[in-house]
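Notes to accompany the following structure.
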Amino acid sequence: MSAPSLVSTRNLEFRFGARPVLRGLNLDLHRGESLAVFGSNGAGKTTLLRILATLLRPTGGEAFLDEVPLSARAQRSHLRRRIGFLSHQSMLYERLTARQNLHFYARMYGVDNRARRCAELLEMVELGGREDDPVEEFSKGMQQRLALARALVHDPELVLLDEPFSGLDPRASSRLGTLLQDLPRRGKAVLFTSHHLEMGLGVAHRVAILSGGSFAFDSPRESTSLEGLVAAYASLAGRGA
Amino acid sequence: MPRWLAAGREVAPLNATPPALVICVKDLQQELKTRESFTAAFFFALLVQLVFSFAFDFQSLGLGFQDVGAGVLWITLTFSSILSLQNSFVIEREKNCLAALALCPCDPSSVFLGKFLANLIFVLAVQAFVLPISALFFGYDLAAVALPLSLVVVVNAAGFSALGTLFAAISVRTRRSELLLPLLLFPAATPVVIWGVKATRLCLAGRGLEAYEYLVGLSACFGAIFAVAGVLLFDYVLEE
């Protein structure tokens with residue numbers, strides 16, 4: 001693609017103490033594109049997402065959003081406004097209701113028409129009838145869906161999702177799959193990690209396997225078969241992690 | 001150039017609620033839902049007052065409440081405040097909400113100010129219940145000293161909350177944060193507690209403001225220093 005990447009990394013490195021997690025990772029992701037990242041536990045998927053979300057600083061190399069370094073402190077608030085991040089943990093206040101949680105984050109992001117936006121998102125994640133229930137009464141799957149709504153509350157351009165399918169029942173997984181296909185159509189760049197190879201391959205434009213601290217496999221969906229992906233995962237995942 | 005000077009300080013748009021206020025309201029909303037911290041702090045304060053009222057027989061010792069009451073009040077305030085200070089960041093740690101706050105496009109100082117404000121309101125709410133009860137237990141005329149005592153309590157509670165909010169945020173990422181916070185906070189808060197005790201003693205003795213205004217001033221400076229420190233350092237505190 002000739003258009004500049006929305007998000008890119010150049011020789012990205014990260015170490016936990018002496019242990020290298022990411023080693024010279026290069027990535028380009030464009031608007032309207034989605035990338036599924038697979039890898040064994042500890043491969044560095046979450047670390048990569050946390051760096052792109054500006055929660056962690058790389059120990060080497062640089063990550064960019066629209067060619068602006070994510071480490072640029074003066075731009076940080078502006079950059080963060082453009083990023084939505086779904087973490088392993090829900091980042092929700094369990095004692096507050098679903099509606100109060102979304103309204104809180106909408107206020108923090110300065111979202112206009114908060115009530116309408118929050119109602120839309122609650123409908124989207126099928127929590128329309130439970131908006132006034134405390135989050136602590138929600139099942140894991142419901143919390144995951146609400147967490148997704150939280151990550152999207154400010155309509156970010158870059159959507160980072162860390163294992164978004166975890167805890168979801170088949171119906172909710174299918175709905176999320178549809179959403180992950182819909183977001184790029186609306187011009188968003190989506191990067192998500194997953195252990196579900198079939199699901200990831202089914203919804204993303206590109207699939208990649210993180211192994212040994214960098215992408216050992218990166219292929220467009222149309223030229224990747226599930227069998228090929230499974231074989232690549234079996235041979236690459238866990239190598240040098 | 002220091003990082004805090006290099007950092008772009010974002011100001012909320014005029015039509016938006018300041019993030020600090022949003023965070024403060026959220027914290028108070030959570031507390032109103034459960035009243036966990038308030039109930040714990042209130043009953044803790046009540047018990048401390050009760051124990052002191054039985055432990056010291058002021059009259060047979062020839063002492064008035066004004067002689068030892070200031071100490072009793074500040075021991076109560078200090079220890080009961082710890083409960084809310086700890087909880088204010090524990091609720092952010094529970095589901096990694098602290099990371100979500102760090103990701104919000106506002107100046108990190110807003111998070112500090114919001115938490116500080118919520119903690120201060122909480123501490124003052126507890127005191128609003130504790131002071132009348134202490135007057136009941138120890139038989140002093142609260143109405144006669146209500147205004148100057150309120151000034152002393154508000155100023156010193158603000159100083160204590162500013163320091164406590166900063167230290168609570170620093171300690172929350174540690175494994176034994178509930179142990180670390182008092183260990184960090186009590187030695188550092190000693191000056192404001194001492195000034196608070198002295199000012200309260202003079203206030204309870206019926207002395208005019210001019211007798212302890214320098215103590216209130218010192219406490220205000222203490223609070224201002226740690227509030228500014230919190231504003232400047234909170235970016236580092238939130239960073240993983």
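Here are the numbers:
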| quantity | calculated |
| --- | --- |
| Hey, B:THR174 under 11 Å from the mean Cα position of the chain (by Cα) and on the phi < 0 side of the Ramachandran plot or not | no |
| Matching entry among A:GLU123, A:GLU137, A:GLU131 (being more than 12 Å from chain B (Cβ to nearest Cβ), in contact with a strand residue (DSSP E or B) (Cβ under 8 Å, 6 or more places away or on another chain) and without any contact (Cβ under 8 Å) to a residue 40 or more places away in the chain) | A:GLU131 |
| Boolean, A:LEU35 is within 30 Å of A:SER235 (Cβ to Cβ), more than 12 Å from chain B (Cβ to nearest Cβ) and surrounded by 22 or more Cβ atoms within 10 Å (Cβ to Cβ) | yes |
| Verdict on B:VAL25 being aliphatic (A, V, I, L, M), in a helix (DSSP H, G or I) and within 14 Å of chain A (Cβ to nearest Cβ) | yes |
| Lone unmet requirement of (1) part of a helix (DSSP H, G or I); (2) in contact (Cβ under 8 Å) with a residue 40 or more places away in the chain for B:ALA143 | (2) |
| Sole residue being touching a Cys at 6+ places or on another chain (Cβ under 9 Å), surrounded by fewer than 23 Cβ atoms within 10 Å (Cβ to Cβ) and more than 12 Å from chain A (Cβ to nearest Cβ), chosen from B:ILE121, B:ILE82 | B:ILE121 |
| Some residue of segment B:37-59 being within 10 Å of another protein chain (Cβ to nearest Cβ) and in contact (Cβ under 8 Å) with a residue 60 or more places away in the chain | no |
| Search result, residues across segment A:189-220 that are open to solvent by 20 Å² or more (accessible area, probe 1.4 Å) and farther than 18 Å from A:LEU236 by Cα | A:MET199, A:GLY202, A:HIS205 |
| Matching entry among B:PHE160, B:PHE137 (being touching a residue at least 60 places away in the same chain (Cβ under 8 Å), closer than 19 Å to B:ALA45 by Cα and either crowded, with 21+ Cβ neighbours inside 10 Å or within 16 Å of the chain's Cα centre (by Cα) (or both)) | B:PHE160 |
| Selection within segment B:34-64 - crowded, with 23+ Cβ neighbours inside 10 Å and either more than 29 Å from A:THR97 (Cα to Cα) or among the acidic types (Asp, Glu) (or both) | B:ALA45 |
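The values are calculated or read from the model by the stated rules, or taken from the named source; none is laboratory data. Model, not experiment: these values are computed from the prediction. Using ideal geometry, Cβ is built from the backbone for each residue, glycine included, and neighbour counts are taken over all protein chains shown. For the accessible areas, the whole protein counts, side chains as well, though only heavy atoms, and no ligand, DNA or RNA atoms are used. Shrake-Rupley method; radii C 1.70, N 1.55, O 1.52, S 1.80 Å.
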